[in-house]
Amino acid sequence: GAEAAAAGGGEAAPRVGEFSSQGLSMTAWAYAASGRPAPALFDSIAGELAPRVGEFSPQGLSNAAWAFATANHTAPSLLDAVAAQAVARHTELDARCLTATAWSLAVLDMGGNGERGTGGAARFARRFGGWLDSRAAELSHESLCQLHQWRLWRAEERRRSDGLPSAPLLAQAAAAFGATRTRQSEIQSSVGEALAALDTWPEEEVRLPCGYTLDWLVQWRGVSLGVEVDGPRHFLGRRPSGATALKRRQVRAFGTPLVSIPYWEWDGLRDGGARVAFLRRALEREATSKGAEGGSGARGLDGRTSSAAGG
């Protein structure tokens, strides 16, 4: 099964031609869900799957898209083919499958404004909202959160208004995303102590206008900076997962510079002084970069900029 394939490591890659399309999709799903990095395997699966997506069940389509997005593994031909099938068979896809596919395209930045995926992905993005309005009652909390992230990508990152669902449904999605709760980790607490030692006036668990929550918001050289402490679940090996990469990209797109602290770098700094010095360099680098770009403050969903990023 898929779990056995994931446990078998790279040995599965040479045999992907022997798998059924469903088996390939589930193998990719198992690797992504387990957080195991397997770029060579994903390349092999993408090459085998792209011409065979017509064999997928509706759930198989969304599973394949979700797996590649979660693994943060770009496969334009495959995702375009999956999206084209979703367009052709959209009446077969339930709300969960539709939102998972849309979220995957947002993670991999496909189907927006002339970037990767100008075929099936672009057609899907233009029509997705209309399909979802008729299935609004089916949306789970997870699907609503995926819809909100897709909206941030479509309307805010890519500046496209076509393909959006109704305003009430977007408001419902934003409310669900904003209601998501996070838990403080032990490593987050230790980072907070080091930030306090730098007199950065750290604010913890700050909700941005776009809906994301930052572990810390600090002030450094007159610039508001977000600080995210990324533990093992944020990575496949040492590559950011799709969800982590999407958050980083969208937080920055809304005007908040972001310092990301990988757990292995922080754990390697056992001395308090070394940790403070590490943070000082990271904050300085990000603040200098932001100053060179010009402007400060987080942008809200209406496009306005607020001086207080947590407002």
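Structure summary
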| item | result |
| --- | --- |
| For the chain, fraction of C-alpha pairs farther apart than 35 Å, in % | 24 percent |
| Share of pairwise Cα separations in the range 224-275, more than 19 Å, in percent | 33 percent |
| At q = 0.10, 0.12, 0.13 Å⁻¹, base-10 log of I(q)/I(0) for the range 72-171 (Debye sum, equal scatterers on each alpha carbon) | -0.22, -0.31, -0.37 |
| Inter-probe distance in nm under a simple model that places probes 7 Å from Cα toward Cβ, at residue 285 and residue 167 | 4.4 nm |
| Point-to-point label distance, residue 40-residue 179, nm (Cα→Cβ direction, 7 Å offset) | 4.7 nm |
| Range of Cα positions in the range 112-245 per principal axis (Å), largest first | 51, 32, 31 |
| Percent RCO, i.e. relative contact order, over the range 156-271, from Cα pairs under 8 Å lying at least 6 residues apart | 19 percent |
| The chain: relative contact order as a whole-number percent, Cα under 8 Å and 6+ apart | 13 percent |
| Relative contact order (%) - the range 38-116, alpha-carbon pairs under 8 angstrom, separation at least six | 36 percent |
| Cα pair count fraction exceeding 22 Å, expressed as % - the range 30-113 | 16 percent |
| Amide hydrogen neighbours beyond the local backbone of residue 160, cut-off 5 Å, H modeled | 155 |
| 222 nm mean residue ellipticity, helices alone, for the chain (DSSP H n ≥ 4; -39,500 (n - 2.57); rounded to 500) | -16000 deg cm²/dmol |
| Gaussian network model of the chain, Cα within-10 Å springs - most flexible of 224, 104, 140 | 140 |
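Quick note: the coordinates plus some simple rules give every number you see, no bench work behind them. None of these values were measured; they are calculated from a predicted model. Neighbour counts run over all protein chains shown; Cβ positions are idealised from the backbone, glycine included.
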